[in-house]
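The values are calculated or read from the model by the stated rules, or taken from the named source; none is laboratory data. None of the values given here were measured: they were computed from a predicted structure. So basically every Cβ, Gly included, is an ideal-geometry build from the backbone, and we count neighbours across all protein chains shown.
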Amino acid sequence: MNTNQIAHIASLVGEPARTAMLMELLDGRSLTAHELAGAGNVSPQTASRHLALMVEGGLLRVEQHGRHRYHRLASAEVARVLEGITQLAAQNAPPVRRAVVPGPKDAAMRMARSCYDHIAGRLGVAIAQQLLADGAIVFDGEAGHATDKAGAVLARLGIDLAASLPGTHSKRPYCRPCLDWSERRFHVAGQLGTLICTHSLERGWLTRRQGMRALEITPKGVMALRGWMGQESWRQVTEGAAVPVRREKPPLAA
């Protein structure tokens, strides 16, 4: 283990302007240096230096399209580390006298947002709970897997699971739990989470909000997703009411 490299990566993430830039990219978008300078509240020249360091450190990658250079997170693993830091920061926030509502204050962000390339917020948690309740997936600590029931369950959403089996070349887990930092429960990540998110966007059930991680659930999406998970579970999405989860093993205690 190279402790110097670990310290270097931590220092890259730990600078406030760079942290702000990384969080702005957490929804999987590609942004220019000028756009990220605004996110970090720094000058374009300062932003360029920060971005160059993060590209060199493997946190970002840059692509040239026409006259513009676009920056994005280097991998899903980087996004996962950022989500983990976010969760840790929330858990260790200074105590306050009033009741604390975890996660973002923005109602749209709490209902549905992108977590890199999968769905988070109350919608993401409700989808995970439905898959667990139907026996389509199983979570065991930080691991997860799809069962032989997954194809039939996801077919009700119009997803052909057989046509989207993971390739042997992929290093990403096919299905894994991702702790939702606003709901403090799990949503679905990995290739399966990406598949569900992509399908929902392509079907027009969800649309991206300009310049935000929030996802808007369209009337078409309400009909499809509410019909799939049922009225009681849908109430969890719109009102935040907790629904008991079955077939989920709790993570091992630290």
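Couple of notes before you dig in:
- For segment 186-204, the condition holds for no residue, the condition being that it is modelled with pLDDT of 90 or more and farther than 22 Å from ASP27 by Cα.
- Count of segment 28-49 residues which are in contact with a helix residue (DSSP H, G or I) (Cβ under 9 Å, 6 or more places away or on another chain) and farther than 15 Å from ALA74 by Cβ: 15
- Looking only at segment 187-201, and only at residues there that are closer than 15 Å to ARG156 by Cβ and touching a residue at least 60 places away in the same chain (Cβ under 8 Å), the one that is surrounded by the most Cβ atoms within 10 Å (Cβ to Cβ): SER200
- Residue check for ALA89: modelled with pLDDT under 90, part of a helix (DSSP H, G or I) and closer than 26 Å to SER182 by Cα: yes
- For segment 40-57, the set of residues classified as surrounded by fewer than 18 Cβ atoms within 10 Å (Cβ to Cβ) and free of Cβ contacts under 8 Å to residues at least 40 places away in the same chain consists of ASN41, SER43, PRO44, GLN45, THR46, SER48, ARG49, ALA52, VAL55, GLU56, listed by residue number.
- Segment 21-30, residues that are buried (at least 18 other Cβ atoms within 10 Å of the Cβ) and hydrophobic (A, V, I, L, M, F, W, C): MET21, LEU22, LEU25, LEU26
- When HIS34 is tested against the conditions (1) within 30 Å of LEU201 (Cα to Cα); (2) within 24 Å of the chain's Cα centre (by Cα); (3) assigned to a helix (DSSP H, G or I), the lone failure is (2).
- A single entry from GLY221, GLY211, GLY204, GLY227 fulfils the requirement of being in a helix (DSSP H, G or I) and surrounded by fewer than 15 Cβ atoms within 10 Å (Cβ to Cβ): GLY227.
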